[in-house]
Every structure is written in C-alpha cells, then in structure tokens.
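To keep things clear, I will list the structure first and then write my remarks on it.
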Amino acid sequence: MQVTDVAKWIKENYTPYEGDDSFLVTEASQNTKDVWAKCCELRAEEIKSNGCLDVDNKTISTVSAHKPGYIIKEKEDIVGLQTDAPLKRSIKPFGGVRVVKNALKAYDRTIDPEVEEVLNIVKLTMIVKARSNAILTGLPDGYGRGRIIGDYRRIALYGVDQLIEWKMQDKLSLGITMTEENMRTREELAEQIKALNELKVMANSYGFDISKPATNAKEAIQYTYFGYLASLKIKMELLCLSVVLTVSSIFILKMILKGILTEAQAQDLIDQLIIKLRLVRHLRTPEYNDLFAVIQLGLLWLLWYENDGRPLVTKTSYRIVNTLRTLGAAPEPNITVLWNNKMPMAFKNFYDYAIACCVSQMRVGKDMQFFGARCNLAKLLLYAFNHGYDERTEKQVGPDFGDIKLNEDGSVNFESAWEIYDKAMDWIACLYVNTMNAIHYSHDKYCYEAIQMALHDTNVHRYMAFGIAGFSVIFSQFVIQKLILTTDFKIEGEFPKFGNDDDRVDHFAIEIPKIFLAKLKKYPAYRGAEHTLSILTITSNVVYGKKTGSTPDGRKAGEPFAPGCNPMHGRETSGAVASLNSVSKVEYEYCKDGISNTFTFVPTVLGKIDKERVTNLTGLLDGYFAQGGFHLNVNVLVRETLEDAMVHPENYPNLTIRVSGYAVHFIRLSPSQQREVIARTFHETL
C-alpha cells in the first residue's frame with residue numbers, strides 16, 4: 001500500500017522563523033475589505049433571520065452538486081463556497097433524514113419530498129433507552145462523526161491525478177483473494193477514487209485544474225482549500241483543517257524571495273482564506289446547538305513543535321493570527337496552538353494566544369478517529385445509588401447494582417459505595433462500546449467519508465474516542481461525610497474540593513479516568529480501533545446538568561456541570577495556580593482524546609499594563625504545560641462585560657470567548673449557556 005510522507009517534504013523545505021511580528025501589514029487590502037464588508041452585511045441579515053439566512057432544501061449536498069458560489073467574484077483571490085451563495089446552508093441527509101427535517105423545522109422550512117427516500121441509520125432498543133435518559137448523550141449517529149482530518153496538503157503537493165493513481169495501485173495490490181476485509185477495502189477505495197474525480201469537477205467549475213500539483217502560493221492555498229471545501233460540502237460536523245498552511249508557507253516564502261510576491265499580497269491570500277472559513281454554515285438542529293454551541297467548523301491548527309531542534313514556526317504562523325487584526329475578532333476558524341516551551345518567545349507573546357486543542361493527536365493522513373461523544377458518569381453515580389433507576393424519569397434504565405451500605409453513624413461506607421459504582425461503570429462501559437460499534441458500522445455503510453479518507457493512506461490507524469461528562473462532580477461523593485436521601489443530598493461540614501491542589505480529592509481525578517478506560521478496553525472496538533478517552537464538554541455541560549438530578553457534592557438538580565475537566569463553579573478558592581495544578585494532575589496517558597480546561601482571569605490579575613499581562617500569561621502557560629497540563633482555553637475579561645452583553649447584544653457583535661474547546665460569539669449562545677459562562681470562576685488572584 002502507498003505510504004505518503006508529506007512531513008518529510010515539509011522538513012526538507014520549510015524555513016523556521018524566530019523573529020518578531022514587525023514584518024506584518026496592519027491592514028487588509030481594499031479588495032479584502034470590500035469582500036469582508038459584504039460578509040458582515042450578510043451576517044447581520046443572518047442574525048435577524050433567526051440565525052439562518054437561507055437553505056437549499058432540494059439539492060442533496062455532494063462534492064460537486066452545487067454551482068459555483070461567490071461573494072464578490074472579481075475581488076476574491078481564494079474562491080469556493082459550500083453552496084451557490086454565501087451563508088446558504090445545504091441538506092446532508094445520508095446521516096439521517098429525520099435530523100435534516102428537524103433542523104429545517106427549526107427554521108420554519110420543510111424538506112423536499114424526494115429527499116425523504118434516503119436511508120436513515122437504524123438504532124438498537126437499549127441504545128435508544130440509554131440516550132433518551134441522557135446517560136449517553138451527543139452520539140454521532142445523526143450529525144456525523146467528525147475528527148477525520150483529511151491531508152488536504154496532498155492535493156497541492158501531488159495533484160489529484162497522482163492521488164487517484166496511488167489509490168488504483170492500492171486496489172490492485174489487494175489481489176484476487178475475496179476476504180471480508182479485502183472486499184470492504186475494495187469498495188472503500190472505489191468510493192475514494194470516485195470522490196477524488198468529483199473533487200476535480202468541483203474545482204474545475206471555479207476555473208481551476210487541480211489534476212496537477214500547485215505551482216505557486218495562490219494555487220497551493222486554493223488547492224488545499226478545495227479539499228477542505230469538498231469535506232464541508234458532504235459533512236455537517238466539526239471539521240479540522242489541520243496543519244495545511246505549513247506547505248503554503250513554503251510556497252509563499254519562495255515567491256517573496258524571488259520578488260514576485262509582496263508581504264501585503266501574502267497576507268491578502270491568508271485573509272481571503274480566513275474569510276471563507278468564517279462563512280462556513282451547517283444546517284443543524286437546536287439539540288445539536290445545545291450540545292455544541294454554534295460551532296460551524298473546526299480548527300485551523302498552528303502546529304508548533306521541535307523538529308530536529310527547529311521550531312515549526314513560520315511567518316505564515318504570524319499571518320494567520322494577524323487576521324484577528326486585519327479582519328477583526330471572530331471565533332472562527334478556531335485557531336489552535338500546540339504549545340512548546342522552546343517555541344520562539346516572540347511568537348509566544350504575539351497576540352497572547354495559546355490554545356492546545358482538546359482533539360486527540362493524530363498523524364495527518366495516517367490516523368482517523370471514530371467520535372464517541374460522552375458518557376454522563378455523574379448521572380451514573382445516581383444510578384448506582386438508585387438501583388439503576390433514572391432519578392428524573394423514574395425508569396429502570398440500568399440493572400440493580402445492589403445496596404450501598406452505611407456506617408454506624410449513618411455516613412456512607414466508602415468501600416461499599418465504590419464497589420457499587422465500580423459495577424455501574426462496568427455496565428455502562430459495555431453499553432457504551434456496543435453503542436459506538438453499532439453507530440460507526442452504520443456510518444461506514446451509509447455515510448462513508450470518501451473524500452476525507454481519499455486523503456489518507458489506505459491503511460490507517462483507527463481510534464475510538466470515548467468521553468466523560470460531569471467529571472468534577474463524580475469523585476466528590478467519595479469525600480463527603482453523610483448521605484441523607486437518594487434523591488437529594490445534605491452535606492454536613494466541609495469537604496476537600498477539586499481545584500485547590502488538594503491530593504485528598506485530586507487523587508480521584510487521577511484514578512477515575514484510568515479505571516474507566518480500562519473497563520472500556522475490555523470490549524473490542526469496531527475495526528480494531530484503539531480506545532481513547534476525553535474530558536471535554538464544549539457547551540454540553542449545560543445540557544448534561546439539566547438532565548441530571550441533585551448530586552452528592554451539593555449541586556442541585558438541573559444545574560450545569562463544570563465544563564470539561566474544570567472544577568465546579570466557585571469551588572477553586574485557593575487561586576489560579578492551585579486550580580491549574582489540580583487539573584494538570586489528570587494524566588494524558590489515560591485521556592489521549594484530550595483534557596479540556598477553560599480558564600478566566602480578571603485582567604488586573606495578570607498585570608496593570610498589556611505587556612506585563614502578556615509576559616505573565618506566557619509564564620503561566622509554560623508552567624502549566626511543563627507539569628503535564630494538556631489543554632487550556634484562556635479568557636481575560638470581567639463578568640460585567642458579559643452581563644451587559646446579555647442585555648445589549650447589539651453592542652457586542654464580535655465579543656468572542658472561549659468555551660470548553662472552542663471559541664464562540666457570546667451573543668450567539670443561548671441564555672442558559674450565557675448564564676453558565678457568567679457563573680464560572682473569574683480568578684482574581686494567582
């Protein structure tokens with residue numbers, strides 16, 4: 001099978017940059033300003049139209065189904081839209097007609113009758129019961145599985161004809177033996193080749209021949225974007241763009257050194273690409289937006305790491321972040337930095353952005369991931385107390401795990417409580433793995449990601465990504481003194497709280513992921529995938545909390561969980577550093593799909609002037625990651641700003657905050673999501 005080594009090409013051709021940002025232009029070109037102004041007008045209309053400007057409800061979106069779309073054609077350097085008009089959404093029913101119908105209904109639209117004939121995904125009875133009672137939530141059967149990162153760089157480097165030739169050779173190498181695995185691989189390769197041919201058709205409709213490799217910087221960016229656009233046209237979930245602009249940076253530098261491209265022109269190419277990414281829209285249900293806020297697309301990964309002693313920071317790294325100045329603030333594309341203490345200090349300090357993404361590490365074009373949403377382990381705790389009954393619906397969802405014994409003084413017997421919860425984790429682990437296997441089997445059958453997998457090696461390593469919700473709620477039970485009732489809880493005295501660098505409680509934060517991952521691994525994952533685990537919620541912590549009764553830590557029924565791996569709101573009473581220390585103890589070895597920590601500082605905590613704040617924040621990030629921290633979202637703001645934005649959203653159209661994993665426009669969050677963000681800990685001391 002063909003093994004493509006893009007990383008080797010980059011290593012041999014890129015030039016690291018260790019200077020500062022003085023080379024950057026501070027304004028966009030007039031053409032870009034005009035294009036972006038038109039986009040801003042359309043976005044304002046979109047907000048007035050209940051968040052959806054237009055939908056094509058008749059055309060099933062494929063790579064080449066829609067005619068070319070433009071914003072202002074003659075002023076666009078990088079072209080390509082999801083449909084034939086900016087901000088128009090499309091329908092993608094291969095993951096389920098019901099989802100499309102519900103999403104259309106949310107915007108007072110209906111589906112074209114002919115589309116309803118498309119197959120839907122079949123579900124199993126036990127899975128339906130588990131998800132309807134919110135013990136398993138956010139499952140990817142209806143909206144797509146995401147986290148499959150096509151190596152879009154290959155289009156620019158090799159051209160599509162070469163990629164097709166390699167896939168045809170892989171198909172021939174399978175020989176004549178018709179095993180089940182060989183037949184499946186043959187079918188998938190045929191779908192991949194078909195998708196690559198469709199990609200050429202789509203690019204040709206915009207006037208580009210991508211059959212051959214790119215020859216200049218504009219083509220390198222455009223060809224790469226066409227690959228990503230093809231994925232956007234057929235998938236509706238979060239899509240990562242990855243480290244693709246490292247290749248484009250090499251083309252840009254060569255042209256600048258030859259004197260045929262200026263810095264202003266280079267920035268303009270990046271600006272115009274970012275505009276396209278800011279316009280990505282998907283047709284989604286209200287339930288999806290409750291779980292994942294209003295995220296439209298995934299991450300533009302700026303991958304900075306030591307490569308043979310050289311940091312992979314280029315001038316284009318700066319150009320990407322500079323779009324926050326040339327185009328203004330925006331949550332999309334979500335810019336993510338893989339932080340390294342040896343990264344050039346000038347880049348660390350530039351715009352003080354440093355976010356290590358919660359998505360698991362994958363080798364681009366070599367690995368893929370089956371997304372598995374989350375299991376509500378806090379709710380599982382209540383199932384353990386209530387003999388498998390759901391505390392909200394009063395339905396018997398799980399088996400009877402047995403009685404939890406009490407000590408003579410009426411307090412919970414720790415060993416008994418842990419034994420019962422351990423049984424409950426066994427039960428949910430089995431159900432969780434079986435659920436994911438069923439969903440991803442059906443996904444491959446009815447909604448295979450042909451274009452994305454065409455941009456992978458044929459033989460890939462697969463991950464099955466499971467997740468935990470309610471993390472900081474779970475282990476509080478095992479440090480609480482007395483249990484009063486199984487439907488409500490009373491706390492007598494103080495107990496150690498996660499987020500204060502206290503090993504008495506932090507110990508459980510370390511152990512529970514180890515234990516739960518081991519239980520998941522007892523059950524084989526679909527296609528031999530490697531089990532991984534995440535502690536990440538985005539904004540779904542609000543939904544999970546709403547569907548979970550009162551918990552032993554004093555949290556009341558319906559109240560939000562803390563996001564991701566964060567301590568519960570207001571419980572970090574020992575300062576920012578202690579909170580960071582607690583979270584950094586959770587071991588990445590057992591949470592390779594990510595450990596999300598979302599942090600808010602009051603500006604004065606970091607210093608009195610901007611330069612001092614940047615230096616102090618950089619130092620905190622260095623320290624956090626040096627001691628094992630994996631992921632950190634940083635907000636530097638005051639609570640009053642958010643409160644005013646709730647009352648006067650018209651005054652804050654671009655107010656952007658980080659939630660658990662991603663950035664969003666604050667005013668586009670639901671009121672309950674906004675209130676939860678405001679209720680989080682705003683650190684006023686280090």
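The values are calculated or read from the model by the stated rules, or taken from the named source; none is laboratory data. All figures in this text were calculated on a predicted structure; none of them were measured in a lab. Methodologically, a virtual Cβ is constructed for each residue, glycine included, from the backbone with ideal geometry; neighbour enumeration extends over all protein chains shown.
At-a-glance table
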| item | result |
| --- | --- |
| Failed criterion for Trp304 (all others in (1) at pLDDT 70 or above; (2) crowded, with 22+ Cβ neighbours inside 10 Å hold) | (1) |
| Helices (runs of 4 or more DSSP H) completely within the stretch 180-267 that count 1 or more residues being more than 30 Å from Pro311 (Cβ to Cβ) and more than 30 Å from the chain's Cα centre (by Cα) | 180-205 |
| Residue in the stretch 332-349 that is in contact with a Ser or Thr (Cβ under 8 Å, 6 or more places away or on another chain), charged (D, E, K, R), surrounded by fewer than 19 Cβ atoms within 10 Å (Cβ to Cβ) and modelled with pLDDT under 80 present | no |
| Residues of the stretch 450-480 satisfying the condition of being part of a loop (DSSP other than H, G, I, E, B) and over 30 Å from Pro563 (Cα atoms) | Leu455, His456, Asp457, Thr458, Asn459, Val460 |
| Residue identified as acidic (Asp, Glu), in the same structural domain as Thr537 (by the TED database) and either in contact (Cβ under 8 Å) with a residue 24 or more places away in the chain or crowded, with 22+ Cβ neighbours inside 10 Å (or both) among Asp610, Asp593 | Asp593 |
| Hits in the stretch 457-477 (condition: crowded, with 22+ Cβ neighbours inside 10 Å and within 20 Å of the chain's Cα centre (by Cα)) | Tyr463, Met464, Ala465, Phe466, Gly467, Ile468, Ala469, Gly470, Phe471 |
| Which listed residue is within 30 Å of Leu257 (Cβ to Cβ), in the same structural domain as Gly207 (by the TED database), touching a strand residue (DSSP E or B) at 6+ places or on another chain (Cβ under 8 Å) and not β-branched (Val, Ile, Thr), from Lys33, Lys11 | Lys11 |
| Set Thr618, Thr641, Thr604: member being touching a helix residue (DSSP H, G or I) at 6+ places or on another chain (Cβ under 6 Å), surrounded by fewer than 21 Cβ atoms within 10 Å (Cβ to Cβ) and of a type in the set (Ser, Thr, Tyr) | Thr618 |
| Subset of the stretch 309-330 [in a loop (DSSP other than H, G, I, E, B) and either under 23 Å from the mean Cα position of the chain (by Cα) or of a type outside the set (S, T, N, Q) (or both)] | Gly309, Leu312, Val313, Leu327, Gly328, Ala329, Ala330 |
| Residue that is within 27 Å of Ser584 (Cα to Cα), among the basic types (Lys, Arg) and either assigned by the TED database to the domain that holds Lys592 or at pLDDT 85 or above (or both), where the choices are Lys514, Lys546 | Lys514 |
| Pairs with Cβ under 8 Å, 6+ apart, first in the stretch 176-190 and under 16 Å from Asn459 (Cβ atoms), second of a type in the set (S, T, N, Q) | Thr185/Thr458; Leu189/Thr458 |
